[in-house]
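Shown next, in structure tokens, is the structure this report addresses.
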């Protein structure tokens, strides 16, 4: 059949081109090694031992809440995290922080109990030390006390009572909540393995997805070169349908991309120790969806833009933006960028591979693969409509 003949010669011609071998096979392996080695420390997840924080307390409040607060800081749960020391003035607390004698300071105003009793906003002043983790620990411990005070204050406002008697019982809040709700909590793990992916795994998936999209750019160049070199008119003059020429070249490049997938996965597993999981058929399906999407983009961009320079700009800009938004260069924190990234091909390709690496449940993996497949099919339909309108000819 003409389609397979064209595909065969497309593969032979590409394999004879050095830059194709360099870009599609060697460059991804080099980038995975560099990024995976250089940023390995970013992906290490280790438990940290939190030593008790030295906290200075300036207690100016002599109201009804003073007794409850004393019980709170004397509780066993609080003592596991804080070492408190009462200071007379704010200036002394600041001086002790500067000299390193304390690591955190709390200033309780004299009208704290009165403000709470009146149902008004009441605040403490927290003076941070130099250690971020110790600051965070102290703030979270005191937050448990504030939460309980706010809860009881809200109840009293609704009940229209000014009694602060229940607030005197605020003590060891964390342990009370833990004891009360222990039967409602099930400790387990979401994945089959209790591990996180390494930097080498992360960038193996990220670079593989990115270079599968770059294979679409190379395909677009190949399709465009047939026009530039005026060989497409000769092919159109042969007893071959126009769609067979296009389909043959696309199939040839798809087989090259499948070979690229096999080389990258095999080399990273053999030489870098990357664990791709045990579901290789699903991994192949994910890569096939990415290849289909990449080839569809190649058709659309090639038919809409008539020069190699414009094709290169569109592809490179789009791939870089999608890789960045999906966290392909470095994991992104929660926020607007991460939400926008969830609409990109890279995101769903990477996340599908990550779920395989972590041994997640079948339903979770199927969810990611289904969305990626829908995106690939959608791009294929767009490519078909663009081809029907413009055709592949000079």
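Every number in this text was worked out from the coordinates using simple rules, so none of it is lab data. Bear in mind that the values here come from a model prediction, so they are computed numbers and not experimental data. Because the Cβ atoms are built from the backbone with ideal geometry, glycine has one as well, and the counts that use them run over all protein chains shown.
For the reader, a short list of remarks on this structure follows.
- Cβ crowding within 10 Å, taken as a proxy for footprinting-reagent exposure, orders 325, 372 from fewest neighbours to most as 325, 372.
- Look at the alpha carbon pairs under 8 Å that are at least 6 residues apart: their mean separation over the length of the range 205-322 gives a relative contact order of 51 percent.
- Max mean-square fluctuation residue, GNM over the chain, Cα-Cα springs under 10 Å, options 263, 20, 336: 336
- Max mean-square fluctuation residue, GNM over the chain, Cα-Cα springs under 10 Å, options 216, 359, 68: 68
- Against the set [x] 27.4; [y] 18.5; [z] 25.7, the structure's computed mean projected area of the Cα convex hull in nm² falls on [x].
- Largest GNM mean-square fluctuation among 328, 277, 100, using the chain with Cα springs under 10 Å: 100.
- Per-residue ellipticity at 222 nm from helix content only, as computed over the chain with -39500 (n - 2.57) for each DSSP H run of at least four residues, stands at -21000 deg cm²/dmol.
- In percent, rounded to a whole number, the relative contact order of the chain is 21, using alpha-carbon pairs under 8 Å and six or more apart.
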